[in-house]
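Notes to accompany the following structure.
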Amino acid sequence: MPGSNERATWKGAVMFVTLLLVTLGVAVACSFTVVKVFDRSINTILSRIVADEVASAWARYLKFAIYVVGVSGGVRIWELEKYITPQDVEADAIVLTGSRWTLEIYRTIIETLQSVAWMLLIFFLFALIAYVIARGRETAQSGRRGPGQGGSS
């Protein structure tokens, strides 16, 4: 019956697109949550190590980067291809069941958070180095002025 095979193909395509959109939504939601949780920390750190005029621009860029890294890490297109492409020539593509949906949503959450965690770790490491350098310069400048000389530069 040629009509039923076509309907099954159409249903599989709809399920794949739905899964893709759901994983995208979950990755964006996870990234949004991370941005909200770390918002104050990011703003405080950047205002401490860079000039106030550019700190807000850097903070916006870093938040945008969190979304990009989160979505690209959470929505794994190469992994989702198994639902539309057969693994073997003789086999069918893997069927999306309720259990597979749950697994894919869980993977999306974990991969999104893992990707963003690595990015934030790198950011905080560089921010720590920058803070130590800035603190060392402040200490060196206050030591050169001597006691009671104060004033502004």
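Structure notes:
- Taking a ≥ b ≥ c as the square roots of the eigenvalues of the Cα gyration tensor, an a/c ratio of 1.5 or more together with a/b larger than b/c marks the stretch 2-145 as prolate.
- Net lengthening on full extension, residue 24/residue 57 (0.36 nm per residue, minus Cα-Cα): 9.3 nm
- For the pair residue 40 and residue 138, label points projected 7 Å from Cα toward Cβ lie 2.0 nm apart.
- Sorting the segments 106-115, 49-58 by their mean number of nearby beta carbons within 10 angstrom, highest to lowest, gives 106-115, 49-58.
Just so you know, all these numbers are worked out from the coordinates, no wet-lab data involved. Model, not experiment: these values are computed from the prediction. Every residue, glycine among them, receives a Cβ derived from its backbone with ideal geometry; neighbour counts consider all protein chains shown.
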